[in-house]
Amino acid sequence: MALAFVALLVIGTFSAAAGLFGGVDGKNRALGLAKGAVPARYQALVQKWGNLCPELTPALLAAQLYQESGWNPRAQSHAAAQGIAQFIPGTWATHGIDGDGDGDRDVWDPADAIPSAASYDCAMAKYVSKAPGDPTSNMLAAYNAGPYAVIKYGGVPPYKETQNYVKVIQTLEKSFARPVGRVDPSRQAAGAIEFAQKQLGTKYLWGGNGTPEQGGRFDCSGLTQASYRTVDIELPRVANDQYNAGPHPSREELLPGDLVFFSDDLTNSRAIRHVGIYVGGGYMINAPRPGAVIRFDKIDTPDYFGATRVTEEGAKSLPTLPPEA
């Protein structure tokens with residue numbers, strides 16, 4: 001009966017969306033931010049300063065900050081990069097600004113560091129404005145490799161690290177942007193659902209990854225990670241990092257295979273505490289809690305946060321985040 005239930009939900013929902021494949025312009029760039037993608041205490045700063053120059057968007061700025069620090073204002077790297085925007089001291093001395101107008105420039109204060117990151121981006125964009133190619137890509141390349149490399153090579157330089165940085169940030173941008181149109185369906189969704197439905201009735205295990213030593217048991221994010229691993233997409237281990245593995249369809253646009261998230265704080269994706277795999281008809285497969293089994297549950301609850309349509313590129317772009325303070 002459970003398998004029949006899933007089949008009806010999946011077939012019905014995919015039939016409704018059958019015409020979407022290949023019909024969406026994946027290059028649309030939204031100016032707005034996806035709900036809760038940026039922690040509430042930083043959202044106004046990112047929205048304001050992300051519009052500082054035409055080459056920048058709030059979502060692109062958010063992607064850089066997430067890539068650099070995971071929104072941790074106390075992050076510090078082995079290379080002495082500091083704060084939420086990970087400025088090294090020499091760059092901060094030249095490009096740090098007093099974003100909040102309180103009379104000082106504090107690399108540890110997001111009210112200074114976030115405006116400084118945007119200002120630095122736009123300074124790079126200005127330096128390379130005459131280089132051929134996409135202005136935003138050139139700006140990101142200048143941010144990573146320096147403006148003179150972009151000018152020398154007439155665009156993004158042939159450095160593997162720089163080319164990867166440009167691709168990663170522009171991919172991550174999609175997970176912070178409020179979509180301006182329908183989001184492409186996931187081509188791996190059916191395989192992920194097939195794995196998840198085979199786990200129905202399995203007892204929950206906190207920290208469970210489904211290993212033989214654990215009796216094939218899972219917790220919520222362990223289940224979603226294992227489901228997408230069967231279709232060669234490697235997700236992070238915890239739910240709040242999985243949220244950034246792709247763009248965010250609205251509740252009305254959900255399709256089978258989308259990850260659905262739940263939180264007690266609907267303004268901050270870093271506070272997400274639960275995830276399931278949507279199967280259609282308002283239901284998900286999830287590993288709910290200790291003492292329960294993997295099962296179907298309705299998603300329309302007060303703690304519903306939002307959804308992510310997992311993409312292979314999106315999952316590969318996710319950083320290994322430093323620990324939060």
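The values are calculated or read from the model by the stated rules, or taken from the named source; none is laboratory data. Please read these numbers as outputs of a predicted model, since none were measured by experiment. When we count neighbours, we look across all protein chains shown, and the Cβ atoms used for this are built from the backbone with ideal geometry, even at glycine. What goes into the accessible areas is simple: the full protein's heavy atoms, side chains included, and nothing from ligands, DNA or RNA. Shrake-Rupley method; radii C 1.70, N 1.55, O 1.52, S 1.80 Å.
Can you name the number of the only condition in (1) over 23 Å from Gly32 (Cα atoms); (2) at pLDDT below 95 that Ile233 fails?
(2)
Looking at region 127-134, can you tell me whether even one residue there is open to solvent by less than 10 Å² (accessible area, probe 1.4 Å) and charged (D, E, K, R)?
no
So, in region 291-320, exactly how many residues are in a loop (DSSP other than H, G, I, E, B) and touching an Asp or Glu at 6+ places or on another chain (Cβ under 9 Å)?
Of region 291-320, the ones in a loop (DSSP other than H, G, I, E, B) are 291-292, 294, 299-303, 309-311, 318-320.
Adding the requirement that they be touching an Asp or Glu at 6+ places or on another chain (Cβ under 9 Å) leaves 303, 309-311, 318-319.
The total comes to 6.
Taking interchain pairs and intrachain pairs at least six residues apart, which have beta carbon atoms under 6 angstrom, with the first residue in region 35-48 and aliphatic (A, V, I, L, M) and the second at pLDDT below 95 and assigned to a helix (DSSP H, G or I)?
Ala37/Ser269
Check off (1) open to solvent by 20 Å² or more (accessible area, probe 1.4 Å); (2) touching a residue at least 24 places away in the same chain (Cβ under 8 Å); (3) farther than 17 Å from Arg178 by Cα for Arg251 and give me the number that stays unchecked.
Every listed condition holds for Arg251 apart from (3).
Quick check: anything in region 25-45 at pLDDT below 50 and small (Gly, Ala, Ser)? Give the derivation first.
Taking region 25-45 first, the residues at pLDDT below 50 are 25-30.
Now narrow it down to the ones that are small (Gly, Ala, Ser): 26, 30.
Yes; the residues of region 25-45 include at least one that is at pLDDT below 50 and small (Gly, Ala, Ser).
Scanning region 288-307 for residues that are touching a Ser or Thr at 6+ places or on another chain (Cβ under 8 Å) and within 21 Å of Gln199 (Cα to Cα), which turns out most open to solvent (accessible area, probe 1.4 Å)?
Val293
In this structure, is Asn164 surrounded by fewer than 20 Cβ atoms within 10 Å (Cβ to Cβ) and at pLDDT 95 or above?
The answer is yes for Asn164.
Before we move on, is Arg105 in contact with an Asp or Glu (Cβ under 6 Å, 6 or more places away or on another chain) and open to solvent by 40 Å² or more (accessible area, probe 1.4 Å)? Explain how you work it out, then say what you get.
On the way: in contact with an Asp or Glu (Cβ under 6 Å, 6 or more places away or on another chain): yes; open to solvent by 40 Å² or more (accessible area, probe 1.4 Å): yes.
Here the answer is yes, as Arg105 does meet what is asked.
Return yes when Ile277 is over 23 Å from Ala59 (Cα atoms) and surrounded by fewer than 24 Cβ atoms within 10 Å (Cβ to Cβ) and no when it is not.
Judged against the criteria, Ile277 is not a match.
Ile97: open to solvent by 10 Å² or more (accessible area, probe 1.4 Å), among the β-branched types (Val, Ile, Thr), in a loop (DSSP other than H, G, I, E, B) and modelled with pLDDT of 95 or more, yes or no?
When the stated conditions are applied, Ile97 passes them.
Just to check your reading of the model, which residue among Ala189, Ala196 is within 23 Å of Ser250 (Cβ to Cβ), more than 19 Å from the chain's Cα centre (by Cα) and open to solvent by less than 30 Å² (accessible area, probe 1.4 Å)? So that I can check it myself, show each step before the final result.
Values: Ala189 fails: more than 19 Å from the chain's Cα centre (by Cα).
None of the other options fit; the residue is Ala196.
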